[in-house]
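The values are calculated or read from the model by the stated rules, or taken from the named source; none is laboratory data. Here the structure is a predicted model, which is why all the values come from computation and not from measurement. In this analysis, Cβ positions are derived from the backbone assuming ideal geometry, glycine residues included, and neighbour counts consider all displayed protein chains.
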Amino acid sequence: MALFVSSFTNKIDRKGRVSVPAPFRQILATKGSDMVVLYPHPKHEAIEGSGMDWLDDYAARLAQLPEYDEDRDALQSLFSQVNQITPDGEGRIILPENLIGRAGLGENAVFVGAGAKFEIWEPGRYADHLSRQQARLRERNLTVPPLARSAGAAP
């Protein structure tokens, strides 16, 4: 599985165009589309991004919840906030004004790999966020749990 990893700082021009990092474009291509899906990060003043495959998976997972459930209603509101953007021939996208404002972007944007998705941050906000996350790792001694083994699997 191709994952979005690392971080890249790119300049935003006066028209709101920014280059999607080449490694991120390559991952999108391996997933069958160069289209970039952007939406407001649900918890941070940042932008979350993915390919259409992630959005399709999100819809499938959402469909497991009861149709008129209030939590499902809240979760499906993401669809109304999605921007589908096809990069130009040079790998640039135009960031929508509402997302630029939400993330507080100025002249630069940091593209941050987050596994199946990526995030776009204002550099100073990301530095603060990363510092808080690293402190949380240390303070709580966090680790990723091991994968669950299936019944009958050898130890």
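Of the residues making up the stretch 58-74, at least one is of a type outside the set (S, T, N, Q), under 14 Å from the mean Cα position of the chain (by Cα) and under 17 Å from Gly115 (Cβ atoms). Listed by first and then second residue, the pairs with beta-carbon distance under 9 Å, at least 6 apart or on different chains, first residue in the stretch 118-133 and at pLDDT 95 or above and assigned to a strand (DSSP E or B), second of a type in the set (D, E, K, R) and crowded, with 18+ Cβ neighbours inside 10 Å, are Phe118/Glu48; Glu119/Glu48; Ile120/Glu48. Of all residue pairs spaced 6 or more apart or on separate chains, those with beta-carbon atoms under 8 Å, a first member in the stretch 87-111 that is polar (S, T, N, Q) and modelled with pLDDT of 95 or more and a second member that is exposed (fewer than 12 other Cβ atoms within 10 Å of the Cβ) and not in a loop (DSSP other than H, G, I, E, B) are Asn108/Lys11. Of the residues that make up the stretch 85-96, is at least one touching a helix residue (DSSP H, G or I) at 6+ places or on another chain (Cβ under 9 Å), of a type in the set (A, V, I, L, M, F, W, C) and surrounded by 16 or more Cβ atoms within 10 Å (Cβ to Cβ)? Scanning the stretch 85-96, I find at least one residue that is touching a helix residue (DSSP H, G or I) at 6+ places or on another chain (Cβ under 9 Å), of a type in the set (A, V, I, L, M, F, W, C) and surrounded by 16 or more Cβ atoms within 10 Å (Cβ to Cβ), so the answer is yes.
Of all the residues in the stretch 21-38, those that are closer than 20 Å to Lys11 by Cα and among the basic types (Lys, Arg) number 1.
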